[in-house]
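Take a look at the structure set out below.
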C-alpha cells in the first residue's frame, strides 16, 4: 500500500520503519528534518508538508503529541484534508481526548474520508519490535479495512467499538499505568529505606500478588530490571510529561462523565510535581525520586 505517515518521534519513526520493512511505500512528514531524512534513507519519500504526504496515498497515519497538533495537521492550509483524496482512511495513533476524536472524525467525514482512532500501547520497545497493541475505534468495516496495515506495526489489534473508544481504552490503560508506577515506587522506596535489598524485594513482588508491568518489566528502582529506563538514568522511555498529559486526559474525561478518579487525580499531582522539578523529559518511572528524597530531579 502507499501510505502517508505524519509524526516521526520516538514512537512514529520505528512504526514507519516497520511499514517500510513490510513492503509498504511511504510519504513521510515531520517538523524534525533529521527524522524525515532518516526514513528517506530507508526508502521513504520525504514530504515538505502534511498535504504533500497525504497526496496520492491509500491511507494516512498520524502519530502526534496532542490534539492541538492533530487538528493543525488535519485542517491547516497545507494539511491532510487539503491534499487527501476521497475515501482515503485516516488512522490517528496519537493519544488524545475522545471528544476531539469525534470532532476530527466529523471533519474527515465531511471531506469524504473515514477517521479511525488507533492509539497504541507497548512503548518504544514495542514500536521497534513491531509488537504494539492497537486499540481501534471505528465501525466494523473501518476496523477490517485498517487491520492489515496495523498488523505491520503491532501484534495485538483490538476493535474497541465505535469512533473514540480506542482513545477511551488508551486513557483508561494509562490511568492504571500511572497509578501502579506510583504504587511500585512507593513500595520499593519504603522497602529499601527499611533495609531490604531492592533486587530481593523486586523479585518477591514479581512472584507475589503485587506483580504488575510497572514492577516486573519497568521497575523504577535502578538495577532491579536491567532493561528498564531506571537502570540507564531514566532515559529513552515514556516521558513524565507524556504521562502527565495522559492522566490529564483521563481526569478531564472523568469530569465530563461525572465519574470520580480518586487515585488518578493523586497520581496526576505526583507527576505534575516531577514536571515542575524539571524532570518532564525523564521516563515516568523517575517518580520514585519523590519517594527517595533526591531533591530536584
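Just a few scattered comments:
- Inspection of region 254-277 identifies no residue that is within 21 Å of the chain's Cα centre (by Cα), at pLDDT 95 or above, buried (at least 24 other Cβ atoms within 10 Å of the Cβ) and not in a helix (DSSP H, G or I).
- Top-ranked residue of region 278-287 - restricted to ones that are over 17 Å from the mean Cα position of the chain (by Cα) and over 17 Å from residue 248 (Cβ atoms), ranked as surrounded by the most Cβ atoms within 10 Å (Cβ to Cβ): 286
Residues checked against (1) touching a residue at least 60 places away in the same chain (Cβ under 8 Å); (2) over 24 Å from residue 102 (Cβ atoms); (3) touching a helix residue (DSSP H, G or I) at 6+ places or on another chain (Cβ under 8 Å):
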site: 44; (1), (2), (3): no, yes, yes
site: 48; (1), (2), (3): no, yes, no
site: 73; (1), (2), (3): yes, no, yes
site: 85; (1), (2), (3): no, no, no
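- Where residue 250 falls short, out of the listed (1) closer than 16 Å to residue 173 by Cβ; (2) over 18 Å from the mean Cα position of the chain (by Cα); (3) crowded, with 23+ Cβ neighbours inside 10 Å: (2)
- All conditions but one from (1) assigned to a helix (DSSP H, G or I); (2) touching a helix residue (DSSP H, G or I) at 6+ places or on another chain (Cβ under 6 Å); (3) free of Cβ contacts under 8 Å to residues at least 60 places away in the same chain apply to residue 289; the one that does not is (2).
- The test for being surrounded by fewer than 19 Cβ atoms within 10 Å (Cβ to Cβ) and more than 22 Å from residue 10 (Cβ to Cβ) holds for residue 103.
- Matching residues in region 224-234 - criterion: being in contact with a helix residue (DSSP H, G or I) (Cβ under 6 Å, 6 or more places away or on another chain) and either surrounded by fewer than 18 Cβ atoms within 10 Å (Cβ to Cβ) or on the phi > 0 side of the Ramachandran plot (or both): 234
- Residue check, residue 214 in contact (Cβ under 8 Å) with a residue 60 or more places away in the chain and either assigned by TED's automatic domain parsing to the domain that holds residue 18 or crowded, with 16+ Cβ neighbours inside 10 Å (or both): yes
- Exactly one residue out of 237, 178 is modelled with pLDDT under 95, outside the structural domain of residue 94 (by TED's automatic domain parsing), closer than 30 Å to residue 147 by Cβ and within 16 Å of the chain's Cα centre (by Cα), and it is 237.
- Subset of region 118-169 [modelled with pLDDT of 95 or more, under 19 Å from residue 247 (Cα atoms) and not in a strand (DSSP E or B)]: 118, 119, 164, 165, 166, 167, 168, 169
- Residue check, residue 96 within 30 Å of residue 244 (Cα to Cα) and part of a loop (DSSP other than H, G, I, E, B): yes
The values are calculated or read from the model by the stated rules, or taken from the named source; none is laboratory data. Quick caveat, the model's predicted, so the values are computed rather than measured. Heads up, the Cβs are rebuilt from the backbone with ideal geometry, glycines too, and the neighbour counts pull from every protein chain shown.
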